[in-house]
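Beneath this line is the structure, given in structure tokens, with notes to follow.
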Amino acid sequence: MTSSEILDAVFEHIDNNRTNFLERLMDYLRHPSISAENIGIHEVGALLVEMLTDIGLNASLMPTSGHPMVVARWEKAPGKPTILLYGHYDVQPPDPIDKWLSPPFEPTIRDGRLFARGAGDNKGQHFAQILAIESHLKRHGTLPCNVILLLEGEEEIGSPHIADFARANKEILRADLVVTADGPRHASGAPLIKFGSRGEVTFELRCSHASRDLHSGNFGGVVPNPIWTLVHLLGTMRNADGEITIDGFHDDIEPPSKEDLAAVERLPLDTGALMRNLNLARLDAPKERPFYERLCFRPTLTINGFHGGYGGSGSKTVLPSEGIVKCDIRLVEAQDPQDILRKVAAHVEKHAPDVEFVAQGSMFPSKTPIASSFTAPLRRAFVAAQGEEPLLVPAGFGSLPCYAFTKILGIPAFQTPYANPDEANHAPNENLELSCFYSGIRTGAALLYELGLLQISEREA
């Protein structure tokens, strides 16, 4: 059998087993695994271990200080690269239930899409990777390269233990590259490869002046208003031109490479369609900043919620006693979350010492050079499986714990999303187009094949 016939045979197996693969995905999605509520996590972890053992991998459930990790491996290809496939088996809570057109844990097919919580994020996508592995083993009895599968049970609550797990298990997780199938394809529908993800910190600003709410006529202009205190503080953190004005905030930002800049120039963009779809009159400041530069290379400060005072119908002339602001900051390479939190805390102390700063979650950014020697086989895999060159995105817009691989394990990490752009992840009616599911299986199979063609000398140092 020639080299190309090997992959063609796997593709044929995938095409002949579409019905079986879909039925098994639907069965998997029927099992809730909600990390935020600790529902079904251990049960689904055990289910995965059984499933992965049955297809020929050495699988186990490994404990952490929180929810367990599923780790499976196949390492019978000496001299070939080792790929670590990362995903997460936990899902978001399904609320609000009344917004679902069908029950979130009763998978339903409508209009060529599979609707269920976890369909796109992330069960459907890492299950496609599992089926790619299975298809090689079923057709040829072997894999083209070595594989480690790492499925996390806490990604939807910020991956609080993955860094410690990676530090404690460097030998177990030793690989040449990491690939994560998570998130949506490009808004144009084109496939893409992401070379990093933004980091994140979250925090609250809390202010209380009086011991109780007061009459605004009797006490307005006498007793300080905590909401005004917070408004003025926020105005010192980000100005009307869209610039974050916290001292030292931009000190450690790593500028984009020429490859990064060239890649974003090639990304499709229909700003008008985006604005019409979201009913926007304008984009955020600064007006002249290029669209993808905002999302790939710039940090952001977002007010997630502002709470305090009266919010009911009509009016209530009250002077509130307290106010709370919830914020997140998206970080870019090479910002340090703890350093940023210290700088925000110092800024609050300087400008509003009577405001309490409460640090919450954090995650490092991650970055892999587009010039990586693994970029070429990844691109070839997309072309072989989908007949289309993938777009190259220097950094993902959201946050994933890929820093555990790039910064702790020291290996390049890539994201290869399989889901449709409108998958509605984290929202009611989450869905996965069936065509995306099947092409994801093909792409995963092609990736293993392309890595198997590499010689040991081509591996990353």
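Quick check: at a probe of 1.4 Å, how many percent of the accessible area of segment 311-461 sits on carbon and sulfur atoms?
51 percent
Bin width 5 Å, origin at 0, all Cα-Cα pairs of segment 210-275: what percent of pairs per bin?
Here the calculated profile for segment 210-275 is 3, 11, 11, 10, 12, 13, 12, 7, 6, 6, 6, 4, 0.
If you stretched the chain out fully between residue 58 and residue 253, how much longer would it get, using 0.36 nm times the residue separation minus the C-alpha to C-alpha distance?
Contour length minus Cα-Cα distance gives 66.1 nm.
Using alpha-carbon pairs under 8 Å, 6+ residues apart, how would you state the relative contact order of segment 1-145 in percent?
Averaging sequence separation for qualifying contacts and normalising by length gives 26 percent for segment 1-145.
Determine Rg/Rh for the chain; Rg is computed over alpha-carbon atoms and Rh is the Kirkwood hydrodynamic estimate from the same atoms.
Radius of gyration over Kirkwood radius for the chain works out to 1.01.
Report in % the part of the accessible area of segment 41-162 that belongs to carbon and sulfur, leaving out ligands and nucleic acids; probe 1.4 Å.
Looking at segment 41-162 in its full context, I get 52 percent from C and S.
Carbon and sulfur together cover what percent of the accessible area of segment 201-253 at a 1.4 Å probe radius?
On segment 201-253, the fraction of accessible area on carbon and sulfur atoms equals 49 percent.
With a ≥ b ≥ c the root eigenvalues of the C-alpha gyration tensor of segment 16-89, is it rounded (a/c under 1.5), prolate (a/b larger than b/c) or oblate?
Here segment 16-89 falls in the oblate category.
Any idea what log10 I(q)/I(0) is at q = 0.08, 0.18, 0.19 Å⁻¹ for segment 105-259, Debye with uniform C-alpha scatterers and no solvent?
Summing over Cα pairs of segment 105-259 leads to -0.51, -1.32, -1.38.
Name the GluC sites (Glu not before Pro) in segment 262-360 that are in a loop by DSSP and that have at most 16 other C-beta atoms within 10 Å, would you?
288
Around residue 241, under 15 Å between beta carbons, what's the net of Lys plus Arg minus Asp minus Glu among the other residues?
Local net charge: +3.
What are the membrane-span-like helices in the chain by this rule: whole DSSP H runs, Cα extent along the axis at least 27 Å, mean Kyte-Doolittle hydropathy at least 0.0?
Result, helices passing both filters: 434-452.
Return one whole number: the accessible area per residue of the chain in Å², for a 1.4 Å probe.
Normalised by residue count, the accessible surface of the chain is 44 Å².
Normalising by the residue count of the chain, find the relative contact order in percent from Cα pairs under 8 Å and 6+ residues apart.
26 percent
Taking 24 Å as the cut-off for C-alpha to C-alpha distance, list the pairs among 76/138; 194/258; 170/367; 80/258; 99/316; 138/170 that go past it.
The answer is 80/258; 99/316; 138/170.
Contour minus end-to-end for residue 76 and residue 98, with contour as 0.36 nm per residue of separation and end-to-end as the Cα-Cα distance?
Once the chain is fully extended between residue 76 and residue 98, it gains 3.0 nm.
Taking a virtual spin label 7 Å from the Cα of residue 388 along the C-beta vector, which residues in segment 420-444 bring their backbone nitrogen under 18 Å of it?
420-424, 432-444
Would you mind calculating the gained length between residue 9 and residue 310 on full extension (0.36 nm times residue separation, minus the Cα-Cα distance), in nm to one decimal?
Stretched out fully, the residue 9 to residue 310 stretch lengthens by 101.8 nm.
Would you mind checking the radius of gyration and Dmax of segment 310-349 based on alpha-carbon positions, in Å?
16.9, 48
The values are calculated or read from the model by the stated rules, or taken from the named source; none is laboratory data. Being a predicted model, the structure only gives us computed values, none of them experimental. No Cβ is skipped: glycine too gets one built from the backbone with ideal geometry, and neighbour counts run over all protein chains shown. Protein only, heavy atoms only, side chains kept; ligands, DNA and RNA dropped before computing areas. Shrake-Rupley method; radii C 1.70, N 1.55, O 1.52, S 1.80 Å.
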